[in-house]
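Inspection log for the structure reproduced underneath, given as structure tokens.
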Amino acid sequence: MLAKLLAAFILIPLIEFILLVEMAARTSFATTFLVVVATGILGSFLARREGLQAWKRFHLAMNQGRVPSEEIQDGLMIVFAGALLLTPGLLTDAVGFLLLIPQGRGVIRGFVLSRYKNQVDFKMSSSHGFQMHTQSENQHQTPHPLDRHDAIDVEVVRKKDS
């Protein structure tokens, strides 16, 4: 894992640099500079807008008594998108804009969930005896009507790395 992270921190800036130099050679330095500045400004505007919408959806979910898991995921992806868009580069901008589009976040969410769904095991219980155990594709639960004021304990167990 550390090797992959180290490679990403070395390769991504190198690829970004090569792409920016190539773009400047094919167009001009001024055009390349304007593209970098414009994507940063547009990205910060879009990140703020999408972030506010995610924040509203988060509060709506909480007011409806739902666990806002998708809204939290969206918020994290939007923050990450903002960081990518503030970083000069064409590749990071493309990924950043993908994360700002709701459909793009859905694609990324599906990819991440499909990749890690067999590596996490959830065990939940409440003060009224409700228990739910979710492990990979086998889901079995003993339903019990929960009051919104019940305490729920959640234990997330990470399985060994694949």
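The values are calculated or read from the model by the stated rules, or taken from the named source; none is laboratory data. Computed from a prediction, not measured in an experiment: that's the story for all the values here. No Cβ is skipped: glycine too gets one built from the backbone with ideal geometry, and neighbour counts run over all protein chains shown.
A few notes on this one:
- Unique match (being in a helix (DSSP H, G or I) and free of Cβ contacts under 8 Å to residues at least 12 places away in the same chain) among 54, 25: 25
- Looking across the range 1-59 at every residue that is aromatic (Phe, Trp, Tyr) and within 22 Å of the chain's Cα centre (by Cα), the one that is modelled with the lowest pLDDT is identified as 9.
- The number of residues in the range 81-115 that are closer than 18 Å to residue 55 by Cβ, hydrophobic (A, V, I, L, M, F, W, C) and either free of Cβ contacts under 8 Å to residues at least 40 places away in the same chain or touching a Phe, Trp or Tyr at 6+ places or on another chain (Cβ under 8 Å) (or both) comes to 4.
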